[in-house]
Amino acid sequence: MTQEKQQRFRLPAFCSLAGTVILLCVIGAFLPLTIPNLLGYQIYEVVSGSMEPEIPVGSVIYVKAAAPEEIGEGEIIAFMRNSSVITHRVEENRFVEGEFITKGDANSKEDVMPVDYDSLIGKVTCHIPVLGILLSVLASGVGKLYAGAFAACGFMFLMLAEKIRERQEG
């Protein structure tokens, strides 16, 4: 193949590759938000240091609903308190009273107020450091706007590659 023909194939190949990579990055950025939701998990960003170093600030936690009776000592739970989601470790599960005694790993003492079973959201099954910051940006209006713009750029690269190929063939 001559050098001129090789150059004719490079530009559409580059545009196709760039468009595909951009689209895969946009899709990949939203996977940590969508797939766990489809599997029944709730996703929260950690905004306080009460569970450090186990769960650092800026982490994302994946919470799966669980029956209060199934939660054991040492497990990490998420619960509602004053319209905020709290994540702490169970120190004691008081079955008779229907409540948990909890404590943040970074706190020196147990929480003052027990957690009623009704306040339980579920058990923390997984956490990923730093991902919470990225996901909160993506979930914002501006983040969605940027993701849409990047996806549009990816589609434009793919369309450009196709147009270049059509011109070269015609």
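The values are calculated or read from the model by the stated rules, or taken from the named source; none is laboratory data. Remember, it's a predicted structure, so these values are computed and weren't measured experimentally. Here the Cβ positions follow ideal geometry from the backbone for every residue, glycine too, while neighbour counts run over all protein chains shown. The protein model used for the area step is the full one, side chains on, heavy atoms only, and it has no ligands, DNA or RNA in it. Shrake-Rupley method; radii C 1.70, N 1.55, O 1.52, S 1.80 Å.
Has the stretch 133-144 got any residue that is in contact with a Phe, Trp or Tyr (Cβ under 8 Å, 6 or more places away or on another chain) and in contact (Cβ under 8 Å) with a residue 24 or more places away in the chain? Within the stretch 133-144, one or more residues are in contact with a Phe, Trp or Tyr (Cβ under 8 Å, 6 or more places away or on another chain) and in contact (Cβ under 8 Å) with a residue 24 or more places away in the chain.
The single condition among (1) of a type in the set (V, I, T); (2) open to solvent by 30 Å² or more (accessible area, probe 1.4 Å); (3) assigned to a loop (DSSP other than H, G, I, E, B) that I86 does not meet is (3).
Does S108 satisfy being over 26 Å from the mean Cα position of the chain (by Cα), more than 30 Å from L158 (Cβ to Cβ) and not β-branched (V, I, T)?
yes
When residues in the stretch 89-105 are screened for being open to solvent by less than 40 Å² (accessible area, probe 1.4 Å) and touching a helix residue (DSSP H, G or I) at 6+ places or on another chain (Cβ under 8 Å), 4 of them pass.
Among the residues of the stretch 31-47, what is the count of those that are in a helix (DSSP H, G or I), open to solvent by 50 Å² or more (accessible area, probe 1.4 Å) and not polar (S, T, N, Q)?
3
When you scan the stretch 149-161, do you find a residue that is touching a Cys at 6+ places or on another chain (Cβ under 6 Å) and open to solvent by less than 40 Å² (accessible area, probe 1.4 Å), even just one? Taking every residue of the stretch 149-161 in turn, at least one turns out to be touching a Cys at 6+ places or on another chain (Cβ under 6 Å) and open to solvent by less than 40 Å² (accessible area, probe 1.4 Å). Per the listing S108, S136, S119, the residue uniquely closer than 30 Å to L23 by Cα, among the small types (G, A, S) and either surrounded by 15 or more Cβ atoms within 10 Å (Cβ to Cβ) or modelled with pLDDT under 95 (or both) is S136. Looking only at the stretch 55-81, count how many residues are free of Cβ contacts under 8 Å to residues at least 60 places away in the same chain, within 19 Å of the chain's Cα centre (by Cα) and not in a strand (DSSP E or B). Qualifying residue count for the region: 2.
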